[in-house]
Amino acid sequence: MLSEKMQKALNDQIAAEMWSSNLYLSMSIHFAILGYSGFTSWLKRQSLEELEHAHKIIDYVVDRGGTPVVSEISVVPDGYGSALEIFEHVYEHEVKVSKMIDDLDDLALAENDKATQDFLRWFIHEQVEEESSSKAIVDKIRLSGGEQFLWFVDNSLNTK
Ligand code: FEO
């Protein structure tokens with residue numbers, strides 16, 4: 001059985017994952033309009049992954065006898081800058097999400113909730129991957145000289 005505090009924190013994380021999904025969907029639309037199919041498909045995949053993260057937590061809360069809440073999701077920012085700025089934003093966002101997961105893990109530890117600590121291991125590992133994959137795109141754009149060879153970076157994401 002989840003404590004009230006743990007349930008509330010997990011429900012907040014469900015909303016955060018859904019917000020991330022909308023953020024990446026919105027970014028993918030931005031690139032789709034510009035004609036960058038690689039960035040579009042990468043961000044679309046990320047958007048779907050974030051939804052899966054939300055569903056994972058929803059299922060877990062149900063399994064532990066809690067009540068998941070699908071709350072209102074606040075509007076994501078628009079008016080994006082350059083591709084470099086967008087992927088820097090993605091990377092910074094993932095670093096922030098890693099901190100959220102760490103905070104959840106700290107709470108589970110404080111509550112002596114071993115099942116939730118165990119459940120969160122998957123997310124802790126996943127965040128390493130999410131930070132790394134978004135940072136790799138930032139690096140690729142930088143190495144390609146910013147906007148100059150953007151098409152090549154975009155194309156390299158088509159095959160993944
Ligand atoms: Fe669900 Fe990208 O963190």
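At 10 °C and 1.306 mPa s, grab the translational diffusion coefficient of region 4-152 from Stokes-Einstein with a Kirkwood Rh over Cα pairs, rounded to a whole number in µm² per second. Approximately 98 µm²/s, per Stokes-Einstein.
Among the listed pairs Lys44/Lys99; Lys5/Lys140; Lys114/Lys140, which are separated by more than 32 Å between their Cα atoms? Walk me through the numbers on the way to the answer.
Working: Lys44/Lys99 23 Å; Lys5/Lys140 41 Å; Lys114/Lys140 40 Å.
Lys5/Lys140; Lys114/Lys140, as the Cα separations exceed 32 Å there.
In the chain, a dipole from Cβ-located charges (positive for Lys and Arg, negative for Asp and Glu) runs towards its positive end, and of Gln13, Val95, Leu51 it is Leu51 whose Cα lies farthest in that direction.
Its relative contact order, with pairs defined as Cα atoms under 8 Å and 6+ residues apart, puts region 18-93 at 36 percent.
Positive-end ranking of Ser71, Ala108, Phe149 along the dipole of region 4-152, with charges on Cβ about the Cα centre, is headed by Phe149. A crude spin-label estimate for the pair Leu34 and Lys99, with each label 7 Å from Cα along the Cβ direction, gives 2.6 nm. With contributions of -39500 (n - 2.57) from each DSSP H run of at least four residues, the per-residue ellipticity at 222 nm computed over the chain stands at -27500 deg cm²/dmol. Using the Cβ-Cβ distance between Glu85 and Asp106 with R0 set to 30 Å, the FRET efficiency works out to roughly 0.45.
A crude spin-label estimate for the pair Gln148 and Lys5, with each label 7 Å from Cα along the Cβ direction, gives 5.5 nm.
The GNM of the chain, with springs linking C-alpha atoms under 10 angstrom apart, assigns the highest mean-square fluctuation among Leu107, Leu43, Leu23 to Leu107.
Please identify which residues in region 26-62 have an amide N closer than 14 Å to a label point set 7 Å out from the Cα of Asp78, following the Cα→Cβ vector. Answer for this model: 26-34. Taking a point 7 Å from the Cα of Asp63 along the Cα-to-Cβ direction, the residues of region 102-124 with backbone N closer than 16 Å to it are 113-124.
Expressed as a rounded percentage, what relative contact order does the chain have, with Cα pairs under 8 Å and six or more residues apart?
Result for the chain is 30 percent.
Bear in mind these aren't lab numbers, they're just calculated from the coordinates by the rules spelled out. Keep in mind that this is a model prediction, so the values were computed, not measured. Because the Cβ atoms are built from the backbone with ideal geometry, glycine has one as well, and the counts that use them run over all protein chains shown.
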